[in-house]
Amino acid sequence: MAMRANWNRNHLVPPTGIRNLGILAHVDAGKTTVTERILYLTGVTHRRGEVHEGTTVTDFDPLERDRGITIFAAAVSCVWNGHRINLIDTPGHVDFTDEVERSLRVLDGAIAVFDAVAGVEPQSESVWRQADRYGVPRIAFVNKMDRAGADLDTAVESIRERLRVTPLVVQLPIGREDGFAGVVDLPRMRSLVWHAGRDTVTEGPVPEGLRDEAHRRRRLLEETVAELHPGALEEFCSRPEISAPTLTAALRDLTLSGEAVVVLCGSAYRDRGVEPLLDAVLAYLPAPPDVPPVRGDWQGEQVERPADPAAPFAALVFKVHAAPTGRLTYLRVYSGTIRRGDLVLNAAARRTERIGRILRVHADRHAETDSATAGDIVAVAGVKAARAGTTLCAPAAPLVLEPPVAAAPVVSVAVEPRGTADADRLATALARLTDEDPSLSVRTDPETGQTVLSGMGELHLEVAVERLRRAHGLDVAVGRPRVAYRETVVRGVSGMLYRHVKQDGGAGQFAHVVLDVEPLGHDADPCAGRDAGFVFRSTVTGGRVPREYVAAVEAGCRDALAEGPLGGHPVTGLRVTLTDGATHPKDSSEMAFRTAGRLALREALRAGEMALLEPLAEVTVTVPDDAVGGVLGDLAARRGRVTGSAARAGTVVVTATVPLAELFGYAARLRGRTQGRGAFTSRPAGYAQVTGTATGSRPGVAR
């Protein structure tokens, strides 16, 4: 392994030799460049890959290189200071947030990359909250310190304000903007300077002109750590300063607990600051044994698996890829050991499958290995039925691990083959796409018979359609995008009586139900799925409706949520109460009560007052200050509501909430209004009642 840094790292010795971490950030913050520099410094590559040249290792797909963005999470493996680092470079665009979600589910730690000029951007905040949900410890890297307008303190303050976390800055930059040359390492009070054209970093004393500022910041770091960590507080009170080993240990404890985040800085593009970032990964982020045992469930009982190679095998699938050489299943091994030829249980399908090959992953290249143990991230061949979120485990010790959370698609297009002979090929290609990317869904419109492809955004669907054309050689016609509307109850009904009676010879059907329907209010979450904002309860007493029939009524009500009365959109945000009912000694059945529940709720929805909900997006638009007026007018015309603005060095950053349906084609319009100088990003912002002009019509096909 090539070691390109020239100082001793023995002061940072982690407990074990594996780190599983991801690179998280907003689009264009420099995630992929950071990954490329890590691969170069660890000797995996011998040439620096560049995003603008299309030569990066992790952005290997032609679509990624054409667009200059990360679309698919890519796994790579490298070695630093004798420890294996399994690294996943995740997308930064909001449309591919599901790739981030599935990656975070299997990671132990992460590096959050921030732009030194922009600070915390919208998608930075989104991925930070995703990591919060999974309890993933993070360190922060403020990148692009060489840019005009770069300011570490401003970026750190945005971390404090927007992410609601205590930043612990462990470095002081040497030089500003284009003169950025190195950093002062505050825990050890030394300087690290990178020289142009050289691959090594020079360690030395703190520069004379920065000593006072370095001591001031070191003392501020000590005070902040002492407030949060009892061990550091004891030394802080008894000695003139906290020693480097104690400070390092305290920083690690605070990182693992999530009470604070260590902040480093650098310029990945200029190869400055990456070596201490790698040291910080080993020093502060957890190894597999540092993470609590993974918990699963089997037949209603909680099961735990420690990160022990000798424990029963348990792994979670987080990605499936149809490679030219066959189907590859990417998994994180949480416990036990797996060997080539082993028989494993697919816990969801309750079937066993045999492991054909085990592969160490390096983006689009793979190296075979005989086994994988607890803590490893590998790909396996031979597993045919597993999808993202599937648990693979030892047949003698079954369990089901919690899968990653999948968000509901919000945008749809109709797709058709231009030639009738390609209909079967299109169905096969779409099935493969949804197998690889669970955030895509395919359905057939019952009214038009069209195939509808749904995803997380306009770019997401553009990429999916382009994959159909490139990878599968299909010429498809695509309809105008359509957003995922919802319907909700504004005013409910009480005492909705429905009697289901059917007699056509032989056993009949009889069910009598009385329902109250009311709005659920703020408990509903339209983004989480069609029936997430639905609560059912029963107040029936005296056994008038047996328990098994109550469950059937609830199932029937959930069936009715699929299509609302306004436009056939899913219904959310309601509470249904079964207040009364009656049965027949011979003709009542679960099927009869399920039918009664479905039809009763449909009638209740038609009788009540309904409202149409549309998805919103929080849009951040960066424009020159001389174009602000036109941009604000355009946002108002799109039913946008401006929520804030800030001036930054000749530009204005405008934040607004805009209906998602109004954002189609906005990128081209913004470029036209700003002569190509404007840019925008967006992220989901929930649902709101439709106001003004909006449509929920079904998609057509543009021919």
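The values are calculated or read from the model by the stated rules, or taken from the named source; none is laboratory data. Bear in mind that the values here come from a model prediction, so they are computed numbers and not experimental data. Virtual Cβ from ideal backbone geometry, glycine too; neighbours counted across all protein chains shown. Please note that ligands, DNA and RNA were not included when accessible areas were found on the heavy atoms of the full protein model with its side chains. Shrake-Rupley method; radii C 1.70, N 1.55, O 1.52, S 1.80 Å.
Here are the numbers for this structure:
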| item | result |
| --- | --- |
| Residue that is surrounded by the most Cβ atoms within 10 Å (Cβ to Cβ) [pool: residues in the stretch 265-317 that are β-branched (Val, Ile, Thr) and not in a loop (DSSP other than H, G, I, E, B)] | Val274 |
| Which listed residue, of Glu203, Glu177, is open to solvent by 60 Å² or more (accessible area, probe 1.4 Å), over 26 Å from Pro286 (Cβ atoms) and free of Cβ contacts under 8 Å to residues at least 40 places away in the same chain | Glu177 |
| Any hit, the stretch 148-159, residues being surrounded by 22 or more Cβ atoms within 10 Å (Cβ to Cβ) and not hydrophobic (A, V, I, L, M, F, W, C) | no |
| Any pair with Cβ under 7 angstrom, 6 or more apart, that starts in the stretch 214-226 at a residue that is in a helix (DSSP H, G or I) and ends at one that is open to solvent by 10 Å² or more (accessible area, probe 1.4 Å) and of a type in the set (D, E, K, R) | Glu222/Glu241 |
| Near pairs, Cβ below 8 angstrom, 6+ apart or cross-chain, from the stretch 228-239 (under 21 Å from Ser257 (Cα atoms)) to any residue that is part of a helix (DSSP H, G or I) and open to solvent by 80 Å² or more (accessible area, probe 1.4 Å) | Leu233/Glu227 |
| Test for Pro15: is it part of a loop (DSSP other than H, G, I, E, B), open to solvent by less than 20 Å² (accessible area, probe 1.4 Å) and modelled with pLDDT under 85 | no |
| Selection count, the stretch 120-139, where residues are in contact with a Gly (Cβ under 7 Å, 6 or more places away or on another chain) and aliphatic (A, V, I, L, M) | 1 |
| The stretch 393-412, subset part of a strand (DSSP E or B) and over 25 Å from Phe96 (Cβ atoms), residue nearest to the chain's Cα centre (by Cα) | Val400 |
| Selection status of Val442, open to solvent by 30 Å² or more (accessible area, probe 1.4 Å) and under 21 Å from Leu107 (Cβ atoms) | no |
| Some residue of the stretch 310-318 being farther than 30 Å from Arg48 by Cβ, β-branched (Val, Ile, Thr) and over 27 Å from the mean Cα position of the chain (by Cα) | no |
| Residue in the stretch 456-476 that is most open to solvent (accessible area, probe 1.4 Å), counting only those that are more than 22 Å from Pro91 (Cα to Cα) and in contact with a Pro (Cβ under 8 Å, 6 or more places away or on another chain) | Asp475 |
| Every residue from the stretch 645-656 that is within 21 Å of Thr691 (Cβ to Cβ) and surrounded by fewer than 18 Cβ atoms within 10 Å (Cβ to Cβ) | Thr655 |
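Yes/no per residue for (1) modelled with pLDDT of 85 or more; (2) in contact with a strand residue (DSSP E or B) (Cβ under 9 Å, 6 or more places away or on another chain); (3) among the aliphatic types (A, V, I, L, M); (4) under 14 Å from Ala73 (Cβ atoms):
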site: Leu87; (1), (2), (3), (4): yes, yes, yes, yes
site: Thr90; (1), (2), (3), (4): no, yes, no, yes
site: Asp95; (1), (2), (3), (4): no, yes, no, yes
site: Val100; (1), (2), (3), (4): no, yes, yes, yes
site: Ser103; (1), (2), (3), (4): yes, yes, no, yes
site: Val106; (1), (2), (3), (4): yes, yes, yes, yes
site: Ala110; (1), (2), (3), (4): yes, yes, yes, yes
site: Pro137; (1), (2), (3), (4): yes, yes, no, no
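Listed here are the residues, each with its yes/no results for (1) among the charged types (D, E, K, R); (2) more than 20 Å from His215 (Cα to Cα).
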residue: Pro122; (1), (2): no, yes
residue: Ser126; (1), (2): no, yes
residue: Arg129; (1), (2): yes, yes
residue: Arg138; (1), (2): yes, yes
residue: Lys144; (1), (2): yes, yes
residue: Ser158; (1), (2): no, yes
residue: Gln171; (1), (2): no, no
residue: Pro187; (1), (2): no, no
residue: Arg198; (1), (2): yes, yes
